[in-house]
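The next block holds one structure in the form of structure tokens; read it before the comments.
The values are calculated or read from the model by the stated rules, or taken from the named source; none is laboratory data. If you're wondering where the values come from, they're calculated on a predicted model, not measured in any experiment. Cβ atoms come from the backbone with ideal geometry, glycine included; neighbour counts cover every protein chain shown.
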Amino acid sequence: MLKEFRADLHVHTVLSPCGSLDMSPARIISEARQKHIDILAITDHNSTRQCRVVMELGRKAGITVWGGAEINTREEVHCLAFFEQETALEEFQQWLDRWLVKIKNKSGYFGDQVWVDAKDNILGEEEWLLIAALDRTIDQSYEEVHRLGGVFAPAHIDRKSNSLNSQLGFVPPDIRADALEISPSATLELVRMNGWNKIKPLIAGSDAHQPERLGLNMTQLKMKNTSLGEFKKALIEVDGRSVIPERLQETPGCQ
């Protein structure tokens with residue numbers, strides 16, 4: 001039996017240098033409960049190090065949390081990666097550490113890059129600037145995410161920076177991806193004009209860097225449960241499963 005779930009598929013934490021220090025694991029889960037969010041995807045810039053604590057707190061609160069990252073590829077295109085298994089996250093973190101271009105973070109300029117435990121105690125600090133690019137292309141990033149069993153989606157494709165549209169000038173119809181994410185600024189008219197919904201399934205995320213922004217751009221999922229395997233089936237509409245940004249929910253042809 002299929003059920004409906006609400007998901008925010010692009011959430012930053014205190015670890016991202018541009019993220020608020022209020023975006024602790026405990027605060028994120030608290031906000032998600034208040035806003036009746038069923039699924040969260042934790043996607044800090046080029047790092048998975050805060051995922052495990054949020055996943056653990058989510059399990060206790062009855063909220064599914066997928067771990068992952070917002071990759072910055074060699075083309076300076078941001079792409080989302082989602083994983084379910086902690087072993088995959090660990091291996092993906094090794095890949096991120098290997099390919100991140102090494103630029104020292106200046107916390108006074110870019111922001112702090114710390115990760116914390118469930119009680120907000122600092123567990124570590126990342127010395128390398130996480131918003132730098134990886135020395136990997138979009139295709140190479142897609143291949144690694146898929147090798148580890150994850151889901152890959154270019155982020156905020158409508159944005160004027162760090163998107164497929166801004167860097168390439170268009171969204172390639174043969175893009176290697178499982179989905180395309182639209183930002184909170186995307187309009188139905190823009191989606192229709194560019195035909196993005198005809199290229200890949202569309203998903204939505206808040207790109208929240210502050211607690212109050214969590215849940216501002218949601219994806220409606222129709223699946224049997226909240227597993228990543230079910231999400232993969234929903235992306236290709238297996239047996240009635242579906243994925244659609246909430247703002248496009250009642251618009252025929254935009255699924």
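In table form, for the structure just shown:
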| read-out | value |
| --- | --- |
| Some residue of the range 207-222 being in contact with a Lys or Arg (Cβ under 7 Å, 6 or more places away or on another chain), surrounded by fewer than 21 Cβ atoms within 10 Å (Cβ to Cβ), of a type outside the set (Ser, Thr, Tyr) and over 23 Å from Met23 (Cα atoms) | yes |
| Subset tally (residues that are under 15 Å from Gln210 (Cα atoms) and in a loop (DSSP other than H, G, I, E, B)) for the range 15-58 | 13 |
| In the range 230-244, residue surrounded by the most Cβ atoms within 10 Å (Cβ to Cβ) [restricted to those that are closer than 15 Å to Ala41 by Cβ and in contact (Cβ under 8 Å) with a residue 60 or more places away in the chain] | Phe231 |
| Out of Arg159, Arg136, Arg74, sole residue that is basic (Lys, Arg) and without any contact (Cβ under 8 Å) to a residue 40 or more places away in the chain | Arg159 |
| Failed criterion for Glu90 (all others in (1) under 21 Å from Asp135 (Cβ atoms); (2) at pLDDT below 95 hold) | (2) |
| Long-range neighbours under 7 Å by Cβ, at least six apart or interchain, first residue touching a residue at least 60 places away in the same chain (Cβ under 8 Å) within the range 80-105, second among the aliphatic types (A, V, I, L, M) and surrounded by fewer than 18 Cβ atoms within 10 Å (Cβ to Cβ) | Phe83/Leu148; Ala88/Leu148 |
| Selection from the range 92-126 of residues that are surrounded by 17 or more Cβ atoms within 10 Å (Cβ to Cβ) and of a type in the set (Asp, Glu) | Glu126 |
| Counted residues, the range 44-65 - those being touching a Cys at 6+ places or on another chain (Cβ under 9 Å) and under 25 Å from Ala132 (Cβ atoms) | 2 |
| Matching residues, the range 168-194, being polar (S, T, N, Q) and either within 16 Å of Ser141 (Cα to Cα) or part of a loop (DSSP other than H, G, I, E, B) (or both) | Ser183, Ser185, Thr187 |
